[in-house]
Amino acid sequence: MARATRDVSDLSHAFQYGAAPESTAAALEMRAVSHTFLSGSANEVRALKGVSLALAPGDFVTVVGMNGSGKSTLLNAVAGTFQPDVGRIYVGGEDVTRQPEFLRARQVSRVFQDPLKGTAPNLTVAENLSLALDRTRSPFALRWALTGARRAELRERVATLHLGLEDRMGAKIGTLSGGQRQALTLLMATLVKPKLLLLDEHTAALDPRSVEQVVKLTENVVSSQRLTTLMVTHSMHQAVRLGDRVLMMHRGRIVKEFRGREKQQLRVENLLAVFDQLRSMEALDESAAEMLKRLYV
Amino acid sequence: MNLLFGALSMGLVLALLGLGVYISYRILDTFDLTVDGSFAFGAVVAGVLLTRGLGSFWASAAGFTAGMAAGALSGVIHQRLGVSRLLSGLLVATALYSVDLVVMGGGDISLASTHTLPTQAFDLWQRFGGAESGARLFGIEVSARTLATFLAMLPAVGSAVFLVDRFFRTSLGLAMRATGDNAQMARSVGIDDAMVFIAGLAVSNGLVGLSGALFAQYQGFVTIQMSIGMLVMGLAAVAIAEGLMRGRSLGRRIVGVVMGSILLRLVVALALAAGLPANTLKLVTAALVLLVLVIPDVLRRRRHLAAPANG
């Protein structure tokens with residue numbers, strides 16, 4: 001427990017010295033971001049409580065945490081699904097806190113947990129990819145969507161997945177399996193190199209074979225393009241295997257971080273042990289609260 | 001034969017209505033009640049401009065623009081003011097009813113003495129030596145006026161359909177299809193789905209307004225009655241098109257809507273010729289839409305029941 005506390009304070013130090021985003025140009029920086037859902041109602045959820053975080057260009061960070069710990073909310077805040085109550089978010093030094101989701105998507109790409117979310121089912125594979133290739137341009141700047149040259153280029157990119165999908169460019173993407181769609185979504189997210197790649201438990205809805213495929217693809221694309229990546233995962237195995245930093249979230253806060261040598265030596269058992277610690281701490285908190293109640297009420 | 005060409009011309013004109021409805025109903029995946037309003041509005045704007053002496057091309061273009069404005073307005077009311085899709089369309093259509101009456105200065109206007117597309121076509125027909133009385137096609141007499149109208153509508157509607165087909169091959173057309181199919185996906189590839197939706201309703205209702213403008217010229221008058229039941233008419237064309245075309249490509253489906261609309265007019269013309277009272281037309285159209293929508297479902301269910309239960 002003491003150790004966890006110390007790590008948190010270490011973290012806040014790290015943010016203090018890198019405070020000015022313009023000078024360091026962190027790929028991503030979150031400064032004291034807090035957000036409460038259903039604020040003021042009985043079901044109010046304090047999803048993020050002063051989260052600060054910085055990713056240097058090329059960092060691959062995984063985020064783990066129990067259900068409701070705020071790890072997905074963290075990702076959604078960066079993606080712009082909602083605008084946080086408090087705090088600021090910078091991408092590549094630019095303040096994007098109030099930028100709408102679609103504008104942010106032009107530099108921050110994303111793979112969802114649900115393979116159905118990231119692709120348009122009734123559009124063909126080629127059409128879906130073409131839209132992703134145009135990520136940085138407004139569709140209102142009129143031009144032809146799918147030229148012959150474009151088709152050839154996209155076909156080549158799909159072939160790099162080694163899934164044989166280059167022969168199905170004209171198929172509606174909705175007719176493909178979840179694993180195939182997720183592989184294509186990952187490709188779509190990286191067709192144009194994003195400033196930041198967000199992976200939101202992107203293998204959670206897949207069968208074991210597809211999980212392995214998509215994890216391999218993720219490793220390949222992140223390392224070959226040197227992508228700055230923030231990945232939320234439910235899988236301790238993936239957190240241990242992928243990335244160079246692991247963040248652990250609990251009750252809307254980042255409570256622990258493993259980096260450098262600590263991350264390299266990290267085992268699944270270590271992560272589980274921290275989780276157990278958190279749980280027992282919580283039990284302690286509850287009995288302590290009970291005691292205080294009895295004393296003062 | 002006159003009946004046939006009349007139905008063909010009207011089918012072509014209403015194909016634009018069908019295409020407009022196809023865009024909102026199938027591509028944007030919404031139910032746009034603006035259509036009834038924008039059809040009449042396009043007709044009214046074109047009609048009033050024609051009586052002021054404007055040529056048919058510019059009057060039709062104005063009808064298209066008027067429809068676009070109506071569509072964009074209900075798009076804005078939905079996307080920016082947070083009013084539901086159904087209600088925003090209904091509000092705009094209802095408001096347009098009054099606008100139409102005010103602009104026309106009454107319930108109807110006659111285009112008898114104006115240069116409509118049919119009268120201009122007839123003038124051309126005569127100038128190029130077309131027989132005053134008409135022509136013989138397959139041994140049957142066709143009036144010159146009817147034939148000239150058809151020959152004028154064909155390129156007018158044809159070029160509009162061609163442009164729609166091209167449009168959906170552009171970045172904006174593709175973005176529209178993506179937005180209707182999966183708005184979350186559209187957003188996550190940097191598409192402003194709200195703006196694209198508004199633009200989609202504008203294009204859709206622009207076609208509907210153009211259809212109204214051409215329809216008014218075809219029948220030679222504008223009446224406020226034109227604002228009733230046009231959405232159902234458009235849906236009928238789309239439903240028939242989907243029965244006809246199981247093809248996957250969008251181009252083929254666009255052609256299908258044109259064919260569906262023409263077929264609908266032929267059926268209506270035949271029914272009228274066979275003695276169906278004109279007053280029951282909307283009832284018959286509504287029943288037809290219901291049938292075309294329900295029959296494939298019923299067939300599928302029966303097939304499911306007939307097949308051995310295997311989950």
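The values are calculated or read from the model by the stated rules, or taken from the named source; none is laboratory data. Because the structure is predicted, anything quoted here is derived from the model rather than measured. Here the Cβ positions follow ideal geometry from the backbone for every residue, glycine too, while neighbour counts run over all protein chains shown.
Can you tell me which residue is nearest to the chain's Cα centre (by Cα) among those in the stretch A:74-91 that are at negative phi and within 14 Å of chain B (Cβ to nearest Cβ)? The qualifying residue nearest to the chain's Cα centre (by Cα) is A:LEU75. For A:THR97, only one of the following conditions fails: (1) over 23 Å from A:LYS195 (Cα atoms); (2) surrounded by fewer than 20 Cβ atoms within 10 Å (Cβ to Cβ). What is its number? The failed condition is (1). Could you tell me which of the residues A:GLY92, A:GLY80 is farther than 30 Å from A:ASN270 by Cβ, in contact with a helix residue (DSSP H, G or I) (Cβ under 6 Å, 6 or more places away or on another chain), of a type outside the set (Ser, Thr, Tyr) and buried (at least 17 other Cβ atoms within 10 Å of the Cβ)? Of the residues listed, the single one that is farther than 30 Å from A:ASN270 by Cβ, in contact with a helix residue (DSSP H, G or I) (Cβ under 6 Å, 6 or more places away or on another chain), of a type outside the set (Ser, Thr, Tyr) and buried (at least 17 other Cβ atoms within 10 Å of the Cβ) is A:GLY80. Among the residues making up the stretch B:180-235, a single one is over 24 Å from B:VAL83 (Cβ atoms), within 14 Å of another protein chain (Cβ to nearest Cβ), touching a Gly at 6+ places or on another chain (Cβ under 8 Å) and not hydroxyl-bearing (Ser, Thr, Tyr): B:MET185.
Of all the criteria given as (1) buried (at least 17 other Cβ atoms within 10 Å of the Cβ); (2) touching a residue at least 60 places away in the same chain (Cβ under 8 Å), the one not satisfied by A:GLY178 is (1). For the stretch A:103-119, does any single residue satisfy the condition of being outside any helix (DSSP H, G or I), farther than 19 Å from A:ASN76 by Cα, within 11 Å of chain B (Cβ to nearest Cβ) and of a type in the set (A, V, I, L, M)? No, the stretch A:103-119 contains no residue that is outside any helix (DSSP H, G or I), farther than 19 Å from A:ASN76 by Cα, within 11 Å of chain B (Cβ to nearest Cβ) and of a type in the set (A, V, I, L, M). Summed over the stretch A:234-251, residues that are over 22 Å from A:ALA26 (Cβ atoms) and assigned to a loop (DSSP other than H, G, I, E, B) total 3. For the stretch A:131-156, which positions are part of a helix (DSSP H, G or I) and either basic (Lys, Arg) or within 12 Å of chain B (Cβ to nearest Cβ) (or both)? Correct list: A:LEU131, A:ALA132, A:LEU133, A:ARG150, A:ARG151, A:ARG155. For the stretch A:256-276, does any single residue satisfy the condition of being surrounded by 19 or more Cβ atoms within 10 Å (Cβ to Cβ) and in a loop (DSSP other than H, G, I, E, B)? For the stretch A:256-276, residues surrounded by 19 or more Cβ atoms within 10 Å (Cβ to Cβ) and in a loop (DSSP other than H, G, I, E, B): absent.
Looking at A:SER39, is it modelled with pLDDT under 95, in contact with an Asp or Glu (Cβ under 8 Å, 6 or more places away or on another chain), surrounded by fewer than 19 Cβ atoms within 10 Å (Cβ to Cβ) and not in a strand (DSSP E or B)? Judged against the criteria, A:SER39 is a match. Scanning the stretch A:120-130 for residues that are assigned to a strand (DSSP E or B) and either buried (at least 24 other Cβ atoms within 10 Å of the Cβ) or not polar (S, T, N, Q) (or both) returns no hits. Within the stretch A:161-178, at least one residue is under 20 Å from A:VAL232 (Cα atoms), more than 11 Å from chain B (Cβ to nearest Cβ) and of a type outside the set (D, E, K, R). Look at (1) more than 18 Å from the chain's Cα centre (by Cα); (2) surrounded by fewer than 24 Cβ atoms within 10 Å (Cβ to Cβ) and you find that B:GLY6 fails only one, number (1). Being over 13 Å from the mean Cα position of the chain (by Cα), part of a helix (DSSP H, G or I) and small (Gly, Ala, Ser) is a property that holds for B:ALA46.
When the stretch A:135-170 is filtered for residues that are more than 25 Å from A:LEU196 (Cα to Cα) and surrounded by fewer than 15 Cβ atoms within 10 Å (Cβ to Cβ), the ones remaining, listed by number, are A:LEU142, A:ARG143, A:TRP144, A:THR147, A:GLY148, A:ALA149, A:ALA152, A:GLY164, A:ASP167, A:GLY170. Here A:ALA126 does not fit the description of being touching a residue at least 24 places away in the same chain (Cβ under 8 Å), facing chain B (nearest Cβ under 7 Å) and of a type outside the set (D, E, K, R). The residue list A:GLN213, A:GLN238, A:GLN182 contains one member that is within 14 Å of chain B (Cβ to nearest Cβ) and polar (S, T, N, Q), which is A:GLN182. Total residues in the stretch B:164-178 satisfying the condition of being more than 7 Å from chain A (Cβ to nearest Cβ), among the β-branched types (Val, Ile, Thr) and not in a helix (DSSP H, G or I): the figure is 0.
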